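A quick write-up on the structure given underneath.
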Amino acid sequence: MAAADPPRGDGFGGGGFELDRSSLHPAVGDPVLGSMNFLNEVMSRFPQAVSFAPGAPFAGFFEGVSVNRYLDRYVRYLCEERGLTARQAQQLLLQYGATAGHINRLVADALRSDEGIDAPAEAVVVTVGCQEAMFVTLRALCARREDVLLVVDPCYAGIAGAARLLDVEIRTVPQGEGGFDLDELRRVHRAARAEGRNPRAFYVVPDFANPSGDRMGPQARRELLSLAEELDLLILEDNPYGFTADPDTALPTLKSMDERRRVVYLGTFAKVYVPGARVGFVVADQRVRDEDGRRHYLASDLTAIKSMITVNTSPISQAVVGGMILESGGTLAVVAREKGAFYRRNLAHLLDALERRFPPELRERAGLSWNSPQGGFFVVMTMPFETDEKLLEYSAREFGVLWTPMRHFYLGGSGGTHQLRLSCSYLVPEQIEDGVERLARLVETLI
Ligand SMILES: Cc1ncc(COP(=O)(O)O)c(C=O)c1O
């Protein structure tokens, strides 16, 4: 059939080679991999709906963004502070580049001043979003069949999907009221060991996790680091939402408390700056000894893996992010403070609207509840009815409001059936108000 022919039958044309999905990698049919596309697809079908679904940054923040200005700023830095000629700077941006990245020093300096994370630039790999950072880290660490990854259930789909694609088995640490319990982590670790498996790393989002909104307290952070030492476990700390904490109650990252190099730190510029740049990073300052007894940072092995996935992170995208960091004075702190305040206001607005629209009497009668995180993008509601994809369709079509079914985030199989995640990052207060009103009308028809 010629390319211009209209499709026939099922829309894919007749005849020709056809593959059986069962012959592809089993991850392609896994609901975890489908979950992100599913939400995008529902949002595109109901563009008028108020959407509490995406964890995307507020689009209004893009108004002051000038890609050209950031590029110019970065090129000026290369020429004036790093001694490159204009031609060399142009090469750096337009040619294939060093696999580990070219903004590593800026990233390492910003982490030192903002987070107290003291790692050399050589221990940083700039990646295509945090997603690639997760992928290369898992690929490097989970080398043998018995290696397993521990995660809190529910957890971010990005890590679960990466593990699935890499055939890395996951063991889940169930989350109780107010977060996961270190005793549970110990128990899951012991059970895996008893099965002959090797728990290699524990993935955790200590600040306002996606999807639960949970935050680890200071004592739990200290205990987790000790436990990692005791159990000979690495921690993969993912920190996209820490910047939304109230500066008066901000807690140190695990990495900044990590005296034993137990923590691999996964980062992203998607939430503080722009997701469209697709720039993230990993700090991997663990020492690795090679066959000749020579030592290098784990970062260089991650770089070798990255070279076979994306070759290098777009040098142009890195330059845009580099320009953003330079424009904010080599620190993300000011931008993070401003945007963090915006997101906290949105969150407070969402919690307040829920409180007003679902007063205690109604909550009790209907048997519904929600948590009250102190930061981050997400609130989890527990409903007296099932919150599946069918209900989401109905909610979008009849009430014009979208949310995310929590079951998408549960790996244990049966969790989250009556829960939904509300994200407040993408909306303004009037939309939040309107969205909660629509949600309330949906609930009233169902209870
Ligand atoms: C827990 C978590 N990690 C990482 C990311 C961002 O990843 P990326 O930099 O690939 O956009 C997100 C975004 O939603 C997230 O929720």
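Nothing in this text is a laboratory measurement; each read-out follows from the coordinates by a stated rule. Keep in mind that what you see is a predicted model, and the values were worked out from it rather than measured. In this analysis, Cβ positions are derived from the backbone assuming ideal geometry, glycine residues included, and neighbour counts consider all displayed protein chains.
Observations, loosely collected:
- Antiparallel content of DSSP bridges confined to the chain, in %, to 5: 50
- Sequence-separation-based contact order of the stretch 181-264, relative, with Cα cut under 8 Å and 6+ spacing, percent: 31
- When SER369, SER22 are sorted by how many other C-beta atoms sit within 10 angstrom of their C-beta, beginning with the fewest, the order is SER22, SER369.
- When the stretch 121-166 is reduced to its Cα atoms, the Kirkwood hydrodynamic radius in Å: 11.6
- Cα-centred dipole magnitude for the chain, charges only on beta-carbon of K, R (+1) and D, E (-1), debye, nearest 20: 660
- Ranked by how many other Cβ atoms sit within 10 Å of their own Cβ, fewest first, the residues TRP403, TRP370 fall in the order TRP370, TRP403.
- Between helix 182-194 and the chain: long-axis angle, C-alpha atoms, 0 to 90°, nearest 10: 70
- The packing ranking, built from the mean of other Cβ atoms within 10 Å per residue, places the peptides 346-358, 253-265 in the order 253-265, 346-358, highest first.
- If only the Cβ of Lys and Arg carry +1 and only the Cβ of Asp and Glu carry -1, the dipole of the stretch 67-331 around its Cα centre is close to 720 debye.
- Test item: Cα-centred dipole of the stretch 1-145, Lys/Arg +1 and Asp/Glu -1 on Cβ, debye: 240
- Within-10-Å neighbourhood charge of ALA49 [Cβ basis; K, R +1; D, E -1]: +3
- Mean Cα-pair separation over length for the chain, i.e. relative contact order, pairs under 8 Å, 6 or more apart, %: 23
- The calculated FRET efficiency for ALA366 paired with GLN91, based on their beta-carbon distance and R0 = 51 Å, is about 0.20.
- Taking all pairs of distinct alpha-carbon atoms in the chain, Kirkwood radius in angstrom: 23.4
- Distance histogram in 5 Å bins (all Cα pairs of the stretch 67-331, percent per bin): 1, 6, 13, 17, 19, 17, 12, 8, 5, 2, 1, 0, 0
- Order of SER66, SER44, SER212, SER317 - criterion: other Cβ atoms within 10 Å of each residue's Cβ, fewest first: SER44, SER66, SER317, SER212
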